[in-house]
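First comes the structure, then the notes that go with it.
The values are calculated or read from the model by the stated rules, or taken from the named source; none is laboratory data. Note that this is a predicted model, so its numbers are computed, not measured. With ideal geometry, Cβ positions are generated from the backbone for all residues, glycine too; neighbour counts draw on all protein chains shown.
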Amino acid sequence: MLESVPRYDVKYHRFFNISEWVVTILFTLEYLLRLICIKRASKYVFSFFGIVDLLSTIPKYLSFFFVGTQYLTAFRALRLLRIFRILKLVRYTGASHSLIRALRASRTKILIFIFFILVVSILLGTVMYLVEGPEHGFNSIPHSVYWTIVTLTTVGYGDISPETGLGQFLATFIMIIGYGIIAVPTGIVSAEYASAKERINDDKGRCCPSCATEVLREDAVYCRRCGEKLDSDI
């Protein structure tokens, strides 16, 4: 069967097959070491990620002993779920909680700003349509609004460009506005982030500089929530 397949295909097939066996063996060793190291092995075996680890490892062995079971190797895609274990590190990055609170507090301002930009884009797009017209590529007002948004966000695909002097002057004006607009959402969130930290410090007194959790004990060296080392002067 392999004789009818080009040599380079056979070569790649063998390479990927060997690589798959190496990865499967490494996963198997990790699975066994987990069972040996942890105190309650049954808790890990019947946990969600324990079942995922088992289902992503067994099919390769079954395909070796039983004919027709090689299709079960599709279950190895479950290994991608291991990536989500990285999410457990979120609890060690306590600053993300402060950032989320700042985003929630500033969402009204950001929505108003986005609505304002949408209105400005419609107005400027309409003006650009009246200045350039279909003969210069601005076939309709929605098309001109699309060009305005692309220019305002400094993306600049270049599929449409003004050709008249007045149109180019207006395009220059829009580009300058775009540079100023980029900094506005960042400034809103940054100001809310700083004010939120000030409020926490004023209300709670001594708190963790990373996750803003209140420090209950005066002699505490590490934060009880995120594990961040506390400064002695906070």
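Listing for the model above:
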| item | result |
| --- | --- |
| Hey, Y71 outside the structural domain of S190 (by TED's automatic domain parsing) and modelled with pLDDT of 70 or more or not | no |
| Matching residues, region 136-149, being surrounded by fewer than 13 Cβ atoms within 10 Å (Cβ to Cβ) and assigned to a helix (DSSP H, G or I) | P142 |
| Sole residue being assigned to a helix (DSSP H, G or I), exposed (fewer than 13 other Cβ atoms within 10 Å of the Cβ), modelled with pLDDT of 70 or more and small (G, A, S), chosen from A183, A191, A171 | A183 |
| Complete set of residues in region 150-168 that are of a type in the set (G, A, S) and outside any loop (DSSP other than H, G, I, E, B) | G165, G167 |
| Residue ID - surrounded by the most Cβ atoms within 10 Å (Cβ to Cβ), chosen from residues in region 150-161 that are modelled with pLDDT under 90 and not polar (S, T, N, Q) | L152 |
| Matching residues in region 41-68 - criterion: being among the β-branched types (V, I, T), more than 19 Å from V22 (Cα to Cα) and at pLDDT 70 or above | V45, I51 |
